[in-house]
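Asker: Supplied in structure tokens, the structure appears directly below.
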Amino acid sequence: MSKGSLMTLVADDLDDSRLQGLGMFVSLKSISDAGHNHSQVSNELFGRLDSELFAVFDADELIAYTSQRPRISFLGDHFAGYQVPRMEIYLMTDELNRKFWFLNGVEPDLKWERVIAELLSFIDAFNVSLVVGTASLPMPVPHTRPVGVTAHGNRKDLIENISTWSPTVESPAGLTSLLELRLGEAGRDVVGYSMHTPHYLAESEYPAVAVATLEHVGAALKLALPTDKLREAARLVDQQLAEQLESNIDVRQMVDGFEERFDAHVKEHEPRSLLLDEDEQVAGAEELGASAEHFLAAIANTEDWLKNGHIKPLSGEHEQ
């Protein structure tokens, strides 16, 4: 990379022809991380797959420390264990010995366009075949149904008939979404999968959303990614939720309502917008307003329940 670059290549054998044409998975910790999806996915991949650090970004140039403060431990009479914020590219090997790039770390606060320009140079230099980005959004959906997704990008074969919700909205941008936009403008293949996490579990570790993320990424990049540990964790969480909902009728009724809406708007193998009615027409303003009021009321009814810790985060390492 050129002098003054935000990214530094640290690996050997940069000219290895076997590095050409690989896919890239992008997972950055950001505001779009409901259910602690990023840390679960990262822990699973680094814990199960071989990885080689390939490139690092200069965090001091990219992170506004007062807006997303790194963690540090205090051990009785001294500080230790400062968790340096990182944004890095790894060369990973899946369970079938296939290579792929993994862009991992925290979303930068600053210099997005410069970061993306350097990523585009990397993608061009190694002729990256496909970039897949992911996010996890809090949604008014029940945990008792399959994790939904909104698929987007320029590879129609990887996004058509996938989405369970395809809205037209204006939302806060993220580096991953801007990267998708810039890659599309550059004529590079790119797709994204925004997973739907039940809003009442957004602040807890929700393994089911991590399983769904790895399934979508694996299918798009033709990789064998590990999910066994996460699947077992998801089963345990489902058991905990079933027990806790049994004793809380208000939340049980809320989930019942979400189930009814989910089943009414999502047909098996025929995903469609949750904003469409049974006649495939966009709902009118009155119906949309009623839906919004129902959603907000459901959130209000569960705030105390969540704050009192009825759904507790699972223990586990968290990606910094």
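The values are calculated or read from the model by the stated rules, or taken from the named source; none is laboratory data. Treat the numbers as computed from the prediction; the structure is a model and nothing was measured. Cβ sites come from the backbone with ideal geometry, for glycine too, and all protein chains shown count toward neighbours.
Asker: Being surrounded by 18 or more Cβ atoms within 10 Å (Cβ to Cβ) and of a type in the set (D, E), is that true of even one residue in the stretch 95-116?
Answerer: yes
Asker: Also, quick follow-up: Could you say whether any residue in the stretch 163-181 is closer than 29 Å to V84 by Cβ and in contact with a His (Cβ under 9 Å, 6 or more places away or on another chain)?
Answerer: The answer is yes; a qualifying residue exists.
Asker: Additional query: Select from the stretch 239-249 the residues that are surrounded by 13 or more Cβ atoms within 10 Å (Cβ to Cβ) and farther than 17 Å from V141 by Cβ and list them in ascending order. Steps first, answer last, please.
Answerer: Looking only at the stretch 239-249, we keep the residues that are surrounded by 13 or more Cβ atoms within 10 Å (Cβ to Cβ), and these are 240-241, 244-245, 248.
Matches in the stretch 239-249: Q240, Q244, N248.
Asker: Restricting to the stretch 151-191, give me the number of residues that are touching a helix residue (DSSP H, G or I) at 6+ places or on another chain (Cβ under 9 Å) and of a type in the set (S, T, Y).
Answerer: 2
Asker: If the Cβ limit is 8 Å and pairs must be 6+ apart or interchain, which residue in the stretch 165-192 that is within 17 Å of G23 (Cβ to Cβ) and touching a residue at least 24 places away in the same chain (Cβ under 8 Å) pairs with which residue that is of a type in the set (F, W, Y) and surrounded by 10 or more Cβ atoms within 10 Å (Cβ to Cβ)?
Answerer: Filtered contacts from the stretch 165-192: no entries.
Asker: Any chance the stretch 15-35 includes a residue that's part of a strand (DSSP E or B), hydroxyl-bearing (S, T, Y) and either crowded, with 16+ Cβ neighbours inside 10 Å or at pLDDT below 95 (or both)?
Answerer: At the first step, the residues of the stretch 15-35 found to be part of a strand (DSSP E or B) are 24-29, 33.
Then keep just the ones that are hydroxyl-bearing (S, T, Y); that gives 27.
Add one more test, that the residue is either crowded, with 16+ Cβ neighbours inside 10 Å or at pLDDT below 95 (or both), and what stays is 27.
Scanning the stretch 15-35, I find at least one residue that is part of a strand (DSSP E or B), hydroxyl-bearing (S, T, Y) and either crowded, with 16+ Cβ neighbours inside 10 Å or at pLDDT below 95 (or both), so the answer is yes.
Asker: Would you confirm whether or not the stretch 37-47 contains a residue that is farther than 17 Å from T134 by Cβ and either assigned to a helix (DSSP H, G or I) or not small (G, A, S) (or both)?
Answerer: Looking for residues that are farther than 17 Å from T134 by Cβ and either assigned to a helix (DSSP H, G or I) or not small (G, A, S) (or both), one finds at least one in the stretch 37-47, hence yes.
Asker: Mind checking whether some residue in the stretch 55-71 is out of contact with any Phe, Trp or Tyr (no Cβ under 7 Å at 6 or more places or on another chain), surrounded by 15 or more Cβ atoms within 10 Å (Cβ to Cβ), farther than 30 Å from A219 by Cβ and β-branched (V, I, T)?
Answerer: Looking through the stretch 55-71, at least one residue is out of contact with any Phe, Trp or Tyr (no Cβ under 7 Å at 6 or more places or on another chain), surrounded by 15 or more Cβ atoms within 10 Å (Cβ to Cβ), farther than 30 Å from A219 by Cβ and β-branched (V, I, T).
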